[in-house]
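Novice: Got a structure for you, questions after.
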Amino acid sequence: MTISPVDLLAAGAALCAVWMCGVAGLSPLLRLLGLQAALLAVMTALLGYAFTSPHYYLLALVVFGVKAVAIPLYLTSAARRLGLRRDEGIRGHVTLPLFLGCGLLTAAYFLAPRIAVRSMGYAGAAGMAMALLLIGMLIMLTRRLALSQVIGFLVLENGIYLYSLTQTHGMPLVIEMGIIFDVLIAVLVAGVVISRLNRSFEHIDVTQLRGLRH
């Protein structure tokens, strides 16, 4: 399997996701999320050069501005406003999610040739996209704070973006940007909902919120 700069950047994004599995602090989590999005923005620009498609450069700027800067800053502000610093994950320990994340990354690497579009030539990136999808789901399942689950959703969405970016010749620019701004709006709405939950229940620990059904 040929390794290209795009595959290396995709691997960097996937490693950020694995690292996030072993981090309990919200600030480091959000910094890693921003770094992951920045790598995707650089990758988008590289593909614009490879495909001779100028609109990829504009898309790269939007990805960097929205997903690497605006969303992490907004979530950081929300965490500070709510007085949140850490999410302890499964039973107060993050070692198990970290090992699970490593396992998912390894499985995705070996499955890459089966899910990649051979004509595109970025088999490694396809595997890393699957890793982001699976690790995003893992973060959503193993974190206790609603804010952390929003971060997991964003990692999952980055996986979808990575796969569509590297395994297709790209959707029209208007559609791609529309999806990015839909994600931004979803995060803004999630921030408002989380703030209201915190005011109503004095916490946003979803394990405690589930207890309300009893």
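Read the figures in this text as sums done on the coordinates, not as results from a lab. These figures come from a predicted structure and were not determined experimentally. Heads up, the Cβs are rebuilt from the backbone with ideal geometry, glycines too, and the neighbour counts pull from every protein chain shown.
Novice: What's the exposure ranking of MET140, MET130, going from fewest to most Cβ atoms within 10 Å?
Specialist: Working: MET140 17, MET130 24.
Ranking MET140, MET130 by Cβ neighbours within 10 Å, fewest first, gives MET140, MET130.
Novice: Could you tell me how far the Cα centroid of the range 14-51 sits from the Cα centroid of the range 93-159, in Å?
Specialist: 12 Å
Novice: Restricting attention to the range 71-151, which trypsin sites (Lys or Arg not before Pro) occupy a DSSP loop and are surrounded by at most 11 other Cβ atoms within 10 Å?
Specialist: Working: sites: ARG80, ARG81, ARG85, ARG86, ARG91, ARG114, ARG118, ARG143, ARG144; in loops: ARG85, ARG143, ARG144.
In loop regions of the range 71-151 (DSSP not H, G, I, E or B), the sparsely surrounded trypsin sites (Lys or Arg not before Pro) are ARG85.
Novice: What's the extension gain from LEU111 to THR52 if we count 0.36 nm per residue and subtract their Cα-Cα distance? It would help to have the intermediate numbers written out before the result.
Specialist: Numbers: separation 59, 0.36 × 59 = 21.24 nm, distance 2.96 nm.
18.3 nm is the gain from fully extending LEU111 to THR52.
Novice: Under the Karplus relation 6.51 cos²θ - 1.76 cosθ + 1.60, θ = phi - 60°, what is the ordered set of whole-Hz ³J(HN,Hα) values for the range 74-80, x standing for Gly and Pro?
Specialist: 5, 5, 5, 4, 5, 5, 5
Novice: What is the spin-label model distance, in nm, from SER4 to ALA186 if the labels are put 7 Å beyond Cα along the C-beta direction?
Specialist: Reported label-point gap for SER4 and ALA186 is 2.7 nm.
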